[in-house]
Structure formats: C-alpha cells, structure tokens
Amino acid sequence: MSQKKWWQSAVFYQIYPRSFADGNGDGIGDFEGMIQKVDYLHWLGVDAVWLSPHFPSPQIDWGYDVSDYYGVAPEYGSMEQFIRFMDELHRRDMRLVLDLVLNHTSDQHPWFVESRSSRDNPKRNWYVWKPPRDGGPPNDWFSTFGGPAWTFDPQTGEYYYHFFFAQQPDLNWRNPEVKQAMFDVVRYWLNLGVDGFRLDAIGTIFEREGYPNHATGDHLDAIYRDSRLARTKAEQRKANRRWLRMFRHQVDMPEVHELMRELRQVVDEFPEKVLIGETEDIRFYGNGEDELHLNFNFPLMHTNRLTPRWVRKNQEERLSSLPAGAWPCNTLNNHDSGRMMSQFGDGKHDWQIARVNLALLLTLKGTPFLYNGEEIGMVNHLGLKVEDFRDPLSLHAYRLEIELLGSLPQEAELYAIQYGRDKCRTPLQWANQPNAGFCPAEVKPWLPVHPNFGEGVNVDEQYNQPDSMLAYYRRLLQLRKSLPALIHGDYQPLDRHNPHVFSFLRRTADQTCLIALNMKAHRAKTHLSENIKNLRCVFSTRRSEGFVENGVLSLQPFEVWIGLAETL
C-alpha cells in the first residue's frame, strides 16, 4: 500500500452507546446524546468512531444479540437520528464504523422465529439444527459462556447450536442464502454512508463439519475451577490448553478465510471503506490485501504491567509476522476488558502510568483505538453489587464462585465484578453533578456511575485544566497529527536491553521522531544511536524536557519524551 488510507492515519474512539451520553433523560445513552457530543469528539481530536452495536436487540448480551440488522434500537433513538449523527461526524471530517455481529443473531430475530417454526420452513437451514443423539444433545460441545452448546426446541424436536448464550443461535454460513442476506446488510449500511465495520467474533463463524465430540472427558466448569485455583503460570497455561482443546472443533475453521475474502470483495465495491476484525490472528490479514484491513494487536494488552521488555518483544513478534501490505492496529482496552488505569496501574502511580501508556499507544506504528472515558482517567467500578449486575457473565461467575468454589456471597460478588464487563461499561462522567451529568438527578442510570466523578474524574472539570488527563489526551492527539513520522513512519527500537526506558524511532523519508518512555518511578537513562544528530524536544511531560549529553538521554520518573532528530 504505497498510498496511505484514511484508516492508517486515523485515531479511533470507541463509543459504547448505552453509556456514552443520555440525550432524552431516561438513564440510557442514545443518539441524541451522541449528537450533542460530536463537537466534543472533534475538539478532543479523534478521527473516527467505532460504535458498539446500535441495532434492535432484546439486550441479553447488550446489543450483541441482534433482532434486526436494518434498524436502530428504539431506546437509542430513530434511524433519522442515526443518520444525523453520522452526518455530523462526516461534516467534521470524522468517520463512523459500525459493530457487525456475523456469527449469530438473537433468538427473537424474524429469521430464527421462522427457522424454529417447523422443520420444513424455508429458513430452517439458516441456523444449525441437529436431531438428538441417544436422547440428548447432538454432541458434547460446550458454550463458551457456560452450559451445553445445544438447546432443545420442543416444537420441532431438534437442537440448535449456539457458541455463546442460548438466546444467540449461530447462523449457518454454509448456506448461500445466509451469506447473501448478510452481504445485503453490509451493502445497505455502506450505501447509507457508514465507513466500515468492526466484525465481532469472526473466529467462531464456522464449526467443524461432521460435528465430532471433543471427547476430552473434561468439563467447562472444571476448567473454570482449576483456572481460578491456579497458583502458578504453568497451572494457568495448563487450564488454557484444556480450554483450547475443548473448543478445537468450534473455532478457527479454515473456511472463515474464504468468507472474509468474499466479504472484502463486497466492501471493496465501495471506495475508502474498512474492515476491522475482533481477532489477534494475523492470518485474517490474508495476503495483506485480500481479507481484513485491520486486526487488533491484543497480545500487547495481555499483561498487568507494560514494561520496555514486554513492548519490545510484542512489537518484534507482531511486526515481523505481518504479511507484506498489512497495517498494524494497537489497543489497550475496550468494552470487554478492564480500564487502562485499573489494568496497568500499580496503585500508587496510576495517573503517571496512564500517561505513559497513552503515549505508547499513540506513537507505536499502527492505528490506535481508544475507549470512551479513558481520556478523563475513568477506572473500573468495583463497588457494584449483585443487584446492579447487567452483564450475564458476571451473574454466571457469581453462581460458579458459590457453587464450585464455595465462596461467600461477598467474595463471589467481588470476583464476579472483576470477571464480568459491567465494571468498564459504566456511564461516562461528564460533570461533578448527580449521576455525573450523564442523566438527570431523579433518573436511575442503567448502570451505577462510578462515584469518583466527584473527585475530578469528569469532563467538565478537566476541560479547562491545562494539566488534566483530558488536556493531555488532546495535546498528544494534536501532536500526532502534526508529525507525519508518528503516523506513517517505520519503527526502529533503540537501546534494546534497557529495563526502564522504552525508546524507539519512527521515520519517514522526510522526518525522524525519537520517542523515549520512562516506565519506572525513578530517573532513568537511555542510550541513543550514534547516527542521531541535532535532537530537539517537541514534547515532554516534564518541564526539564530531558537532558542529552554524550549520546545519553536522561529522563525523570515516568517521563514521556518525544523529539525530532536528523539521522545519518
């Protein structure tokens, strides 16, 4: 790709619609609220919005159980409001990418209602139906969310397959009619003007033909129990291997790559659109130009603390594995994972670490993805109670903790919060007002607001504070736009064995940027290459702006240092 695409230079901002902004005062985020905040997004400096599912849904899995691919959930607003939101983004040169669920629908989708109505219904083969075996399910497969992967339908006397919850029946993508119907959905939204899709759960679209037993003699609850009781990394890895073996017939079937190539051809009918996969599997890039445009570098975030060694190893492995023409994509959290401040902090220097991590995300080679609320330093809400839970995974974990591990209710509650996703989906904190300004004081928000909105963790109080996290995000986003090397430059690590400082170059033919991130709570130094000359600082989190002497850059604790240089 000699000519760079918009999605290679963009910074994406994920909006979780239910929690972003409540425009009609009912305690649920909606399009009216999003429309009111478009100027905020433009002011912040992001280039594109990834919108989590907005389709009509019974909300069993909070939008990832779609009952109509052509509509807008009524609690979020109308199609007219959706189009206005999209148009307002486009008017400010921002893009909009939708979340598209290909693997399954809701059991309330008209397709499934027809499919389950009789064995000879024309849509029967749109889903995966199998007759009983020996009076029970067709095989011994599990759902990844617990329990069997098969649910019996008494009306027709057969079982339907679901990799996720029973209310999320899997589509049968081996049926050409299903493929055509979903490709029609894709064309509909692209014709409407959206700029692409983030594809949910693509690794589970196909199952192994013949539907053989996993025949491991294992049980998903046992894997959960042993994973929870693991005391060493080796024990945890063993539990993970058991999970992979159990689901080996249900994920990552080779047919999915042919499907992605076909989908790419559909999307390529429209200029300047993008496909982003919820996967870390580099194989979904295809040959670099024929499957997905972007796949997430999830391994980067699979740690409790980002260190120079961890990041260097990740970049070395990831970048060297990409096929020619493929473009990297980095993130550190989303609606399914803990907030950056909570995930990577040490409990003492969380704000400093969060600044270093943002600088990392915005200066590594590749397209960065941010999650709403990170720009003000929101944290996981661990004070939720069982009666507050909305995520079915939290409720599932709460039950398992008590039944399998004998935990006390208070202990089970705390772990269920950490295990589930409610903790990072709480309403965005707009002001130091009741309900953090998300909804009126007299209205109960759909999830409780984190109480630290009263401690400065809100947009309104940080908006005009030059040293706030919000101001820092905006400043770094502006800096990234101003330096082409940070957007399109090659990556070259420096001082490769430094345990404290992660330093590297980003270079184009016309510009060289040096980035040095002190990831420790003490002063540290990094050795520069001899061919770096005339180095000058363009950004630092310390007034000292670093100190260079004899090819060594000295940094203050947790200092972020970005400079321009000449290279020989």
May I ask you to list the residues in region 296-345 that are in contact (Cβ under 8 Å) with a residue 60 or more places away in the chain, out of contact with any strand residue (DSSP E or B) (no Cβ under 8 Å at 6 or more places or on another chain) and not polar (S, T, N, Q)?
L306, R309, G325, D336, G338
Find the residue count for region 395-451, including only residues that are on the phi > 0 side of the Ramachandran plot and in a helix (DSSP H, G or I).
3
Residues of region 295-341 satisfying the condition of being in a helix (DSSP H, G or I) and either open to solvent by 50 Å² or more (accessible area, probe 1.4 Å) or more than 26 Å from P557 (Cβ to Cβ) (or both):
F298, P299, R309, W310, K313, E316, E317, R318, L319, S320, S321
When residues of region 2-56 are limited to those that are under 22 Å from L476 (Cα atoms) and among the polar types (S, T, N, Q), the one nearest to the chain's Cα centre (by Cα):
Q14
Within region 28-41, is even one residue polar (S, T, N, Q), open to solvent by 10 Å² or more (accessible area, probe 1.4 Å) and part of a helix (DSSP H, G or I)?
yes
Qualifying position, being open to solvent by less than 10 Å² (accessible area, probe 1.4 Å), hydrophobic (A, V, I, L, M, F, W, C) and out of contact with any Ser or Thr (no Cβ under 7 Å at 6 or more places or on another chain), among L414, L400, L393, L408
L400
Of all residues in region 216-247, how many are basic (K, R) and either under 16 Å from Y415 (Cβ atoms) or assigned to a loop (DSSP other than H, G, I, E, B) (or both)?
3
Restricting to region 202-211, and then to whatever is assigned to a loop (DSSP other than H, G, I, E, B) and under 16 Å from L244 (Cβ atoms), can you tell me which residue is least open to solvent (accessible area, probe 1.4 Å)?
E207
Which residues, counting only those in region 158-192, are assigned to a helix (DSSP H, G or I), open to solvent by 10 Å² or more (accessible area, probe 1.4 Å) and in contact with a helix residue (DSSP H, G or I) (Cβ under 8 Å, 6 or more places away or on another chain)?
E177, K179, A181, F183, R187, L192
For the structure I just gave you, tell me whether L483 is of a type in the set (A, V, I, L, M) and free of Cβ contacts under 8 Å to residues at least 40 places away in the same chain.
no
Tell me, which residue of region 224-269 that is in contact with a Gly (Cβ under 9 Å, 6 or more places away or on another chain) and of a type in the set (V, I, T) is surrounded by the most Cβ atoms within 10 Å (Cβ to Cβ)?
V256
Given the criteria among the acidic types (D, E), assigned to a loop (DSSP other than H, G, I, E, B) and open to solvent by less than 40 Å² (accessible area, probe 1.4 Å), does E272 qualify?
no
Out of the residues in region 463-517 that are touching a helix residue (DSSP H, G or I) at 6+ places or on another chain (Cβ under 9 Å) and basic (K, R), which is surrounded by the most Cβ atoms within 10 Å (Cβ to Cβ)?
R506
Taking only pairs six or more apart or across chains, which ones have beta-carbon atoms under 6 Å, a first residue in region 508-527 that is within 17 Å of L358 (Cβ to Cβ), and a second residue that is among the charged types (D, E, K, R) and crowded, with 16+ Cβ neighbours inside 10 Å?
C513/R506; N518/E559
Does Y70 fit the bill of being surrounded by fewer than 19 Cβ atoms within 10 Å (Cβ to Cβ), in contact (Cβ under 8 Å) with a residue 24 or more places away in the chain, more than 30 Å from N464 (Cβ to Cβ) and not β-branched (V, I, T)?
yes
Across region 350-386, the tally of residues that are open to solvent by 20 Å² or more (accessible area, probe 1.4 Å), farther than 17 Å from V501 by Cβ and either in contact with a strand residue (DSSP E or B) (Cβ under 6 Å, 6 or more places away or on another chain) or not in a loop (DSSP other than H, G, I, E, B) (or both) stands at 4
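The values are calculated or read from the model by the stated rules, or taken from the named source; none is laboratory data. In this text the structure is predicted, and so the values were computed from the model without any measurement. Every residue, glycine among them, receives a Cβ derived from its backbone with ideal geometry; neighbour counts consider all protein chains shown. All accessible areas refer to the heavy atoms of the entire protein, side chains included, with ligands and DNA or RNA removed. Shrake-Rupley method; radii C 1.70, N 1.55, O 1.52, S 1.80 Å.
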